[in-house]
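The values are calculated or read from the model by the stated rules, or taken from the named source; none is laboratory data. Please read all numbers here as calculations on a predicted model, not as lab measurements. In this analysis, Cβ positions are derived from the backbone assuming ideal geometry, glycine residues included, and neighbour counts consider all displayed protein chains.
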Amino acid sequence: MPYPVTVSVERKVTDRDRLTTAFRIILAIPHIILVGGLGVAVGFRAHASESLGSHGGILGFAAFLLAVVSWFTIVIGGTHIIAIRQFTIFYMRWRVRALAYLMLLEDAYPPFGDAPYPASFEAVDPAARDRLTVAFRLVLAIPHFIVLFFLLFAWWITAVVAWFAILLTGAYPEGLYDFGVGCLRWLLRVESYLLLLVDEYPPFSFD
């Protein structure tokens with residue numbers, strides 16, 4: 001069965017915008033403030049609030065607080081409050097667009113809010129919640145934290161290489177691009193798992 005979180009990125013390898021690429025980090029600052037930069041938005045560091053402040057942005061911090069509320073409602077009553085789920089999905093959709101732009105996977109400037117974009121995020125509603133895995137969610141995610149520490153570090157390095165490649169040639173090296181998309185998928189699956197959107201354990205896979 002496919003994983004219930006889908007992250008799609010429309011391929012953009014050649015004919016890149018060198019001007020916006022040159023100033024990409026500066027251009028992305030408003031989105032970084034709101035939905036964070038590259039990192040695990042929950043539980044990646046020793047203190048979740050510190051992690052959210054640097055990786056999840058303002059909306060990510062709100063999503064984390066709502067996930068704490070959801071932890072109780074799911075563990076006790078087996079229910080994920082609809083409004084909380086909708087807000088979290090809204091945040092994740094915005095986040096995937098911002099990360100795709102920041103990490104040079106796309107050139108179009110991301111919209112502020114929920115609007116069509118070449119990078120997208122979808123999560124399937126669970127038929128029933130697994131209270132046991134929700135109760136121990138942060139502990140269960142530890143193996144992914146370890147792997148993502150190295151993957152995201154490698155992704156930053158490849159993005160810097162790609163930055164130079166785009167400025168010089170106007171193209172993102174294909175192999176590095178595929179690696180970046182795979183890292184984006186992996187990261188957002190884990191964040192969806194941590195924010196209690198899904199109960200299925202994320203695969204250790206780029207696909």
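Is one or more of the residues making up segment 175-195 surrounded by 13 or more Cβ atoms within 10 Å (Cβ to Cβ), of a type in the set (Val, Ile, Thr), in a helix (DSSP H, G or I) and within 15 Å of the chain's Cα centre (by Cα)?
The answer is yes; a qualifying residue exists.
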_Failed condition for residue 164, given (1) under 18 Å from the mean Cα position of the chain (by Cα); (2) farther than 24 Å from residue 80 by Cβ; (3) in a helix (DSSP H, G or I)_ = (1)
_Just to verify a result, which residue in segment 80-115, among those that are hydroxyl-bearing (Ser, Thr, Tyr) and part of a helix (DSSP H, G or I), is farthest from residue 188 (Cα to Cα)?_
101
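Considering only segment 62-107, state which residues are among the hydroxyl-bearing types (Ser, Thr, Tyr) and out of contact with any Pro (no Cβ under 7 Å at 6 or more places or on another chain).
At the first step, the residues of segment 62-107 found to be among the hydroxyl-bearing types (Ser, Thr, Tyr) are 70, 73, 79, 88, 91, 101.
If the condition is that a residue be among the hydroxyl-bearing types (Ser, Thr, Tyr) and out of contact with any Pro (no Cβ under 7 Å at 6 or more places or on another chain), then 70, 73, 79, 88, 91 are the ones that fit.
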*Tell me which of these residue 88 doesn't satisfy, since it passes every other one: (1) over 16 Å from the mean Cα position of the chain (by Cα); (2) crowded, with 21+ Cβ neighbours inside 10 Å; (3) among the polar types (S, T, N, Q).*
(1)
_Among the residues in segment 144-159, are any free of Cβ contacts under 8 Å to residues at least 12 places away in the same chain, surrounded by 15 or more Cβ atoms within 10 Å (Cβ to Cβ), aliphatic (A, V, I, L, M) and out of contact with any Lys or Arg (no Cβ under 7 Å at 6 or more places or on another chain)?_
no
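Would you pick out the residues in segment 98-116 that are free of Cβ contacts under 8 Å to residues at least 60 places away in the same chain and either on the phi < 0 side of the Ramachandran plot or of a type outside the set (Gly, Ala, Ser) (or both)?
From segment 98-116, those free of Cβ contacts under 8 Å to residues at least 60 places away in the same chain are 108, 111, 113-116; that's our starting set.
Of everything in segment 98-116, those that are free of Cβ contacts under 8 Å to residues at least 60 places away in the same chain and either on the phi < 0 side of the Ramachandran plot or of a type outside the set (Gly, Ala, Ser) (or both) turn out to be 108, 111, 114, 115, 116.
Quick check, is residue 53 at pLDDT below 90, within 20 Å of residue 151 (Cβ to Cβ) and not hydroxyl-bearing (Ser, Thr, Tyr)? Steps first, answer last, please.
Numbers: at pLDDT below 90: yes; within 20 Å of residue 151 (Cβ to Cβ): no; not hydroxyl-bearing (Ser, Thr, Tyr): yes.
No; evaluated as a whole, the condition is false for this residue.
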